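Comments concern the structure below.
The values are calculated or read from the model by the stated rules, or taken from the named source; none is laboratory data. What you see is a predicted model; the values in this text were computed from it and never measured. FYI the Cβ positions are ideal-geometry reconstructions off the backbone, even for glycines, and counts take in every protein chain you see. To get the accessible areas, we keep the full protein, side chains included, count just its heavy atoms, and leave off ligands, DNA and RNA. Shrake-Rupley method; radii C 1.70, N 1.55, O 1.52, S 1.80 Å.
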Amino acid sequence: KQSEDPGAETPKHPFPQSPGFAAMTGKTAPPATDTAPVAPKKETVPTPKEEPAPAPAAEETPAPEHPPAVEQPTAPTGEPAPVPMAEATPAPEESPSAPPAEPQASAPEPKHEKPKAELPSSPLSLAVEEVSENSVTLTWKAPEQTGQSGLDGYVVEICKDGSTDWTAANKEPFLSTRYTIQDLGSGDKIHVRVKAVSTSGASVPATLEQPVLIREILQLPRIRMPRHLRQTYVKRVGDAVNMMIPFQGKPQPEVIWTKGDQPLDTSRINIHNTEKDTIFYIREAQRSDSGKYELAVRINGAEDKATLDIQVIEPPAPPQNLKLVDVWGFNVALEWTPPVDNGNSEIKGYMVQKSDKKSGKWFTALERCTRTSCTISDLIIGNTYSFRVFAENACGLSEKAAVTSGVAHIKKTKTAYQPEKIPQRDMMEPPKFTQPLTDRTTTRGYSTHLFCSVRGFPQPKIIWMKNQMEIREDPKYIAMIEQGVCSLEIRKPSPFDGGIYTCKAVNPLGEASVDCKLDVKGNI
């Protein structure tokens, strides 16, 4: 019955039942071995040829069933793919060596190329911090690019001077940007380089330019640049340049001067070095001596650098193409172009001068004009003028000036005086008091004043009255009018002088009046 079951199941493809049944009966294992070659058929490898060999191990009637099993490999070509997949599952029970081969063969099928990971960039600013008799301490800065995976650390490598064999000073990468190489021989010269390391690989190494001499540095080199030399040092052509720059360092440091990475011209520049300073001297400066000079003070690979900027200047050339553009009234317009040579210094402005034909003397019209054009005004009618322009820089005015080729003649212009027509206005106005009289109280024997203001045209006549009686020529009263302000002085009044005072203004257009009361108190 066991032999009939596999044969009956073959055409109906009830393969999910055969593995469970085969697990309960060990005799049906051979048909599993026959079906195992079906999976290798999918991979087209020679394993199906090796699998039929164990098939004769079955001693029972399944032997005549082998022919159907042999036909089955051809059947899957026309049948759906799940048939060999289901038969391949019981194969591991009979031959355990086959399944390891199948995953190994199927694993390489998806051949996906991994993108190349970015390598970190080189460490920055590698420098020697300290040197002793048997060690050297290095410092540097982290690289700009560390890659996607980040840094694992740094590797420091050394190589003796004259050799090409680089050896790692540290066994494993570390993340610090400072490292001390120990156990070095005193007097040795070594080259040092540092690599940044990540899971993607190592960066291009950062290497010290000069080998390091292993001996103790009692004091690191340091340049003490004077304050006035930290800015551009300006000198005129022909002047002497004499600068002393102090430094420190023990043992005696090496002093190196360069200009544009090239040694100095000793035929023009004298350098004198002492234990504590260096002297830079030029007897007669020329414009070619301008530029940036680099000073380096070095001890066994440890160094300090400074830059000295020297500018040698001279007066500029005169302006070019001075033109007399226009003349009108009392004014003249001038234009010019900047000088060809600015004297190695920025042009600060231009001085414009004028000269009249009568006197022949030059007078400054504009002391510093920042533009290349100007207008000269307030010229005298009837005079003829010439003009010249100087250029000015930090060294001073140009030795020569640009002079106008022509002259400007200020002509006399005939003008007819036309008085301005002012429209006539009717100024006639009747009297009107703008400030009335105010009541007052005074003391007997003390003079007092009454004030009011009036306007009107023609000027009104002022009449003062006391108790409706006109005050005429009486020395006790003094009446005055000035700029429309009317005043009446009552000299040393007595109680009899109290009463109602009236100021009346009269002109041909009308009249107006104001009143006030005056009280005179007796002495107590």
For the structure I just gave you, tell me whether Val234 is assigned to a loop (DSSP other than H, G, I, E, B), in contact (Cβ under 8 Å) with a residue 60 or more places away in the chain and either basic (Lys, Arg) or open to solvent by 40 Å² or more (accessible area, probe 1.4 Å) (or both). no
Checking Pro205 against (1) over 32 Å from the mean Cα position of the chain (by Cα); (2) farther than 17 Å from Thr307 by Cβ; (3) at pLDDT 90 or above, which single condition isn't satisfied? (1)
In the range 237-286, which residues are polar (S, T, N, Q), part of a strand (DSSP E or B) and in contact with a strand residue (DSSP E or B) (Cβ under 7 Å, 6 or more places away or on another chain)? Asn242, Gln248, Thr258, Asn270, Asn273, Thr278
Given (1) open to solvent by 50 Å² or more (accessible area, probe 1.4 Å); (2) under 21 Å from Arg298 (Cα atoms); (3) not in a strand (DSSP E or B), where does His228 come up short, assuming only one miss? (2)
Per-region count, the range 415-451, residues in a loop (DSSP other than H, G, I, E, B) and surrounded by fewer than 14 Cβ atoms within 10 Å (Cβ to Cβ): 19
Report the residue count in the range 193-216 for those that are buried (at least 21 other Cβ atoms within 10 Å of the Cβ) and in a loop (DSSP other than H, G, I, E, B). 2
Filtering the range 430-483 down to residues that are β-branched (Val, Ile, Thr) and within 27 Å of Pro495 (Cα to Cα) yields Thr438, Thr441, Thr442, Thr443, Thr448, Ile462, Ile463, Ile471, Ile478, Ile481
Say whether the condition of being open to solvent by less than 20 Å² (accessible area, probe 1.4 Å) and in contact (Cβ under 8 Å) with a residue 60 or more places away in the chain is met by at least one residue in the range 279-295. yes
Scanning the range 182-192 for residues that are assigned to a strand (DSSP E or B) and surrounded by fewer than 19 Cβ atoms within 10 Å (Cβ to Cβ) gives Lys189
Would you pick out the residues in the range 134-145 that are surrounded by fewer than 18 Cβ atoms within 10 Å (Cβ to Cβ) and farther than 22 Å from Ala302 by Cβ? Glu144, Gln145
Any residue at all in the range 155-177 that's free of Cβ contacts under 8 Å to residues at least 24 places away in the same chain, buried (at least 16 other Cβ atoms within 10 Å of the Cβ) and under 25 Å from Arg298 (Cα atoms)? yes
Is at least one residue of the range 453-465 open to solvent by 20 Å² or more (accessible area, probe 1.4 Å) and aromatic (Phe, Trp, Tyr)? yes
Selected residue [under 37 Å from the mean Cα position of the chain (by Cα), outside the structural domain of Lys235 (by the TED database) and on the phi > 0 side of the Ramachandran plot] from Gly396, Gly329, Gly382: Gly396
List every residue pair whose Cβ atoms lie under 9 Å apart, where the two residues are 6 or more positions apart in sequence or sit on different chains, the first residue falls within the range 423-443 and is within 30 Å of Lys521 (Cα to Cα), and the second residue, located anywhere, is assigned to a loop (DSSP other than H, G, I, E, B). Thr434/Gly484; Thr442/Pro493; Thr442/Gly498; Thr443/Pro493; Thr443/Gly522; Thr443/Asn523
Of all residues making up the range 444-470, the number that are farther than 20 Å from Gly510 by Cβ, touching a residue at least 12 places away in the same chain (Cβ under 8 Å) and not basic (Lys, Arg): 8
Identify, please: which residue in the range 297-318 is touching a Phe, Trp or Tyr at 6+ places or on another chain (Cβ under 8 Å) and in a strand (DSSP E or B) and is, among those, most open to solvent (accessible area, probe 1.4 Å)? Thr307
